[in-house]
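K.L.:
Could you have a look at this structure, given as structure tokens, before my questions?
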2 protein chains.
Amino acid sequence: MIDWDVHNSWSAAQELLPYLDPYHRDALVRGELPGGRHSFPHAHRPWLHPEGFMRTDAVPEDGGPPGSDYDLLREQLLDRYDLEYAILTGEEGIEISTLANPSFASALARAANDWMLAEWLARDPRLKGSLVVAPQDPVGAATEIRRLGGHPEFVQVLVSSGAQRPYGDPFYQPIFEAAAEVGLPVAAHLGGQGGVNANPTGCGPPTFFWEAHALLSETGMGHVASLIAHGTFERFPDLRFVLIECGVAWLPALLWRLDADYKALRKETPWLRRLPSEYAAEHIRLTTQPLEQPKEELHLWAALEAIDGERTLLFASDYPHWDFDDPERVRLPPAWRERVFGENARELYGLPVAAATGG
Amino acid sequence: MIDWDVHNSWSAAQELLPYLDPYHRDALVRGELPGGRHSFPHAHRPWLHPEGFMRTDAVPEDGGPPGSDYDLLREQLLDRYDLEYAILTGEEGIEISTLANPSFASALARAANDWMLAEWLARDPRLKGSLVVAPQDPVGAATEIRRLGGHPEFVQVLVSSGAQRPYGDPFYQPIFEAAAEVGLPVAAHLGGQGGVNANPTGCGPPTFFWEAHALLSETGMGHVASLIAHGTFERFPDLRFVLIECGVAWLPALLWRLDADYKALRKETPWLRRLPSEYAAEHIRLTTQPLEQPKEELHLWAALEAIDGERTLLFASDYPHWDFDDPERVRLPPAWRERVFGENARELYGLPVAAATGG
């Protein structure tokens, strides 16, 4: 079983100090930090979780943040569910997208990636890494992708779903060019709300955390439409785009609309050669968590069938967050299990079967 | 058959001059008009339809805008489909929500409503009107609702789905108070993109018209979540909210998420007493056009069954716009026809059966 969204964390942002150049190290030592000393610099979203974000049983014995203790992560996730691979997505790394200063954001990304490589990926062959980049600094992001993207322990480029503009926008072109060059998928993980990024809905800022959380799928919808419309998958025919934690059941409705609108007005984007739904089927992958919970299971399954869920979904648990999906309780059509819980991810990254058990 | 979205138009905005007070009349006579002389003041959206917005066969003989000639509208719509009622939504009226000046926006709303009453609603008993208000001026909007909302020819309050903030926000409270007082539903019609309003997606501005058009459902999603979360339907238990032209197939996925997030974090909104999906079933109505076009009809029908489409959908044609839905070609479960094509709308507004044929 492969888990596509596992959050490992630093105990404190000061763990990044050895990986920062002196100029940016100074910002972490002497500069303003929004959460006080030891916090990581980003513009925190204005929707505050009323219970905190974490599984309370995932706090390590030393009182550090959930996800910061490898042994506990191994016990509660890797061994408990006998995972073949856990794809680490970090904890706060993607939140750099909310910062106004692009070069500071890229410096933090470099430090987070070097820390990930040194402190986590060497530890256990089951752990694979995500290469965080700052989308507001496309050239810096491309440089980082070329610097570390060839390393076999990194399996994807990672940005937040919150963004200033949709990812098909020409502004981001260097990121996709570099990802295609090193042969990595680009993934957008839910997050990056607030700061310089757009409001996460199409009608301004929601109010409550649970309201906003249910609407965050909207951040992903815009990226899917944008990447397709701009012809990203015509320019980079091997590129895959993975949406993490944005939900899945909204995709059929969006693709039906995109197909109909494209058919009527295809003159606007003559570089496209296929229907939006055809690009999506080949190039877009979605992780399952948090899987929608309908009253009637068959209503969800019909939606997932409409997007060929057996081939487009990747299982993710979101460990150690509050809304963790236990793989034993995720309800999908039983015949899809092998692909969604492993084969799709293995194909996407060319991962070898059965990594040795680490620890 | 009742058609919930029929666009009647002025031939030129100068038709509104008799209905404007001298101060605002001056703005239409001497002020800057974004489309040149005879145009209506609003901040046009930055996504331009590559073919224009109208059915080319709906241009009247005098060359005026489609929807501006009653006889043609009667021939092409009312008589052609033997409509019992056509709910007029105007053409540009709702775009006042994009203007920076709230009192100018409200003045234009008043003029548009008086024009609607004098020039259209007296003409044919099959025509019913929408009372346009400026959402960026909640107190002015409430005054307008109390001024004309009791008139039996107006069946709903109308705003654009594009907005500065989601409509559950306390900022808009006076509008819902007044609508509840006069007993009218509040409807949000697709539109109002650009100007002072929010970008229509959760990740900044899309690029192309067809891309943006497919994403405009996102403007409606945020309003549904916001109205429910803020307890609007607890405060106004008889209030109904109608989303016009925002699509329908996305609603189940959103409600599944809202229900799950509310169940987990209901402490944040203790004034709620029911699940989001239960408020939606009772209080939210959606018009059908543009009905999503899936590859497999049953995939759409499963989605509509999940929101009890037989009771929550209202047929709309969007005459005379480019993406008009011919009622003879709208594919819905046959058993739902009576309710979706008439009964639901009749109940919502207490409309009498079989208006006399007008003309």
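The values are calculated or read from the model by the stated rules, or taken from the named source; none is laboratory data. Worth saying up front: this structure is predicted, and the values here are computed from it rather than measured. Counting neighbours? That spans all protein chains shown, and the Cβs are built from the backbone with ideal geometry, glycine included. SASA here: full protein model, heavy atoms, side chains in, ligands and nucleic acids out. Shrake-Rupley method; radii C 1.70, N 1.55, O 1.52, S 1.80 Å.
K.L.:
Looking at A:S97, A:S106, which is the one that is more than 23 Å from A:A214 (Cβ to Cβ) and hydroxyl-bearing (S, T, Y)?
P.N.:
On the way: A:S97 fails: more than 23 Å from A:A214 (Cβ to Cβ).
It is A:S106.
K.L.:
Quick one: which residue in B:S130, B:S103 is polar (S, T, N, Q) and open to solvent by 30 Å² or more (accessible area, probe 1.4 Å)?
P.N.:
Details: B:S130 fails: open to solvent by 30 Å² or more (accessible area, probe 1.4 Å).
It is B:S103.
K.L.:
Being farther than 29 Å from B:L131 by Cβ and modelled with pLDDT of 95 or more narrows it down to one of B:A316, B:A345, B:A335, so name that one.
P.N.:
Values: B:A316 fails: farther than 29 Å from B:L131 by Cβ; B:A345 fails: farther than 29 Å from B:L131 by Cβ.
Sole residue among the options that is farther than 29 Å from B:L131 by Cβ and modelled with pLDDT of 95 or more: B:A335.
K.L.:
Having 3 or more residues that are within 14 Å of chain B (Cβ to nearest Cβ) is the bar; report the helices (runs of 4 or more DSSP H) wholly within the stretch A:135-228 that clear it. Reasoning before the result, please.
P.N.:
On the way: elements: A:138-148, A:173-182, A:209-215.
Correct list: A:209-215.
K.L.:
If you don't mind, there's one more thing I want to ask. Check whether at least one residue in the stretch B:110-127 is over 16 Å from B:L16 (Cβ atoms) and either hydroxyl-bearing (S, T, Y) or touching a strand residue (DSSP E or B) at 6+ places or on another chain (Cβ under 8 Å) (or both), and report yes or no. Full working, then the answer.
P.N.:
Filtering the stretch B:110-127 down to residues over 16 Å from B:L16 (Cβ atoms) leaves B:122-127.
The next check asks that each one be either hydroxyl-bearing (S, T, Y) or touching a strand residue (DSSP E or B) at 6+ places or on another chain (Cβ under 8 Å) (or both); those that pass are B:126-127.
For the stretch B:110-127, residues over 16 Å from B:L16 (Cβ atoms) and either hydroxyl-bearing (S, T, Y) or touching a strand residue (DSSP E or B) at 6+ places or on another chain (Cβ under 8 Å) (or both): present.
K.L.:
Moving on. Can you list residue pairs whose Cβ atoms sit under 6 Å apart, with the first residue in the stretch B:163-187 being closer than 27 Å to B:E347 by Cβ and open to solvent by less than 60 Å² (accessible area, probe 1.4 Å) and the second being small (G, A, S) and part of a loop (DSSP other than H, G, I, E, B)? Count only pairs 6 or more apart in sequence or on different chains.
P.N.:
B:V182/B:G149; B:V182/B:G150; B:L184/B:G149
K.L.:
Any residue in the stretch B:87-98 that is at pLDDT 95 or above and either more than 24 Å from B:E144 (Cβ to Cβ) or open to solvent by 40 Å² or more (accessible area, probe 1.4 Å) (or both)? Walk me through how you get there before you give the answer.
P.N.:
So in the stretch B:87-98, the residues at pLDDT 95 or above come out as B:87-98.
From the residues that got through so far, the ones that are either more than 24 Å from B:E144 (Cβ to Cβ) or open to solvent by 40 Å² or more (accessible area, probe 1.4 Å) (or both) too are B:91-92.
Within the stretch B:87-98, one or more residues are at pLDDT 95 or above and either more than 24 Å from B:E144 (Cβ to Cβ) or open to solvent by 40 Å² or more (accessible area, probe 1.4 Å) (or both).
K.L.:
Right, something else. Restricting to the stretch A:292-327, give me the number of residues that are more than 9 Å from every other protein chain (Cβ to nearest Cβ), open to solvent by 20 Å² or more (accessible area, probe 1.4 Å) and touching a residue at least 24 places away in the same chain (Cβ under 8 Å).
P.N.:
6
K.L.:
Does the stretch A:145-162 hold any residues that are open to solvent by 10 Å² or more (accessible area, probe 1.4 Å) and out of contact with any helix residue (DSSP H, G or I) (no Cβ under 6 Å at 6 or more places or on another chain), and which are they?
P.N.:
Restricting attention to the stretch A:145-162, the residues satisfying the condition of being open to solvent by 10 Å² or more (accessible area, probe 1.4 Å) are A:146-148, A:150-153.
Those that are open to solvent by 10 Å² or more (accessible area, probe 1.4 Å) and out of contact with any helix residue (DSSP H, G or I) (no Cβ under 6 Å at 6 or more places or on another chain): A:R147, A:H151, A:P152.
K.L.:
Of all residues in the stretch A:306-323, which are under 15 Å from A:A249 (Cβ atoms) and among the hydroxyl-bearing types (S, T, Y)?
P.N.:
Once the filter is applied, which keeps residues that are under 15 Å from A:A249 (Cβ atoms) and among the hydroxyl-bearing types (S, T, Y), the stretch A:306-323 yields only A:T312.
K.L.:
Also, quick follow-up: Which of the residues belonging to the stretch B:239-267 are outside any helix (DSSP H, G or I) and either surrounded by fewer than 24 Cβ atoms within 10 Å (Cβ to Cβ) or more than 7 Å from chain A (Cβ to nearest Cβ) (or both)?
P.N.:
Going residue by residue through the stretch B:239-267, those that are outside any helix (DSSP H, G or I) are B:239-250.
B:L239, B:R240, B:F241, B:V242, B:L243, B:I244, B:E245, B:C246, B:V248, listed by residue number.
K.L.:
Would you point out the residue of the stretch B:194-225, among those that are under 16 Å from B:P50 (Cβ atoms) and not aliphatic (A, V, I, L, M), that is most open to solvent (accessible area, probe 1.4 Å)?
P.N.:
By that ranking, first place goes to B:T207.
K.L.:
Taking B:A112 as the residue in question, decide whether it is away from every other protein chain (no Cβ under 14 Å), in contact with a Phe, Trp or Tyr (Cβ under 7 Å, 6 or more places away or on another chain), modelled with pLDDT of 95 or more and part of a helix (DSSP H, G or I). Show your work before the answer.
P.N.:
Working: away from every other protein chain (no Cβ under 14 Å): yes; in contact with a Phe, Trp or Tyr (Cβ under 7 Å, 6 or more places away or on another chain): no; modelled with pLDDT of 95 or more: yes; part of a helix (DSSP H, G or I): yes.
Taking the combined requirement at face value, the residue does not satisfy it.
K.L.:
Now, a different point. Sort out which residues of the stretch A:49-72 are open to solvent by less than 60 Å² (accessible area, probe 1.4 Å) and not in a loop (DSSP other than H, G, I, E, B), and write them in order of number.
P.N.:
First pass over the stretch A:49-72, keeping only residues open to solvent by less than 60 Å² (accessible area, probe 1.4 Å): A:49-50, A:52, A:54-55, A:58, A:60, A:63-70, A:72.
Correct list: A:M54, A:A58, A:Y70, A:L72.
K.L.:
Condition (residue is under 23 Å from the mean Cα position of the chain (by Cα) and in contact (Cβ under 8 Å) with a residue 12 or more places away in the chain) applied to the stretch A:258-274: is it met by at least one residue?
P.N.:
Filtering the stretch A:258-274 for residues under 23 Å from the mean Cα position of the chain (by Cα) gives none.
No, the stretch A:258-274 contains no residue that is under 23 Å from the mean Cα position of the chain (by Cα) and in contact (Cβ under 8 Å) with a residue 12 or more places away in the chain.
K.L.:
Still on this structure: If you go through the stretch A:277-291 one residue at a time, do you hit one that is within 30 Å of B:Q164 (Cβ to Cβ) and without any contact (Cβ under 8 Å) to a residue 60 or more places away in the chain?
P.N.:
Of the residues in the stretch A:277-291, the ones within 30 Å of B:Q164 (Cβ to Cβ) are A:290.
Among the residues that remain, those that are also without any contact (Cβ under 8 Å) to a residue 60 or more places away in the chain are: A:290.
Looking through the stretch A:277-291, at least one residue is within 30 Å of B:Q164 (Cβ to Cβ) and without any contact (Cβ under 8 Å) to a residue 60 or more places away in the chain.
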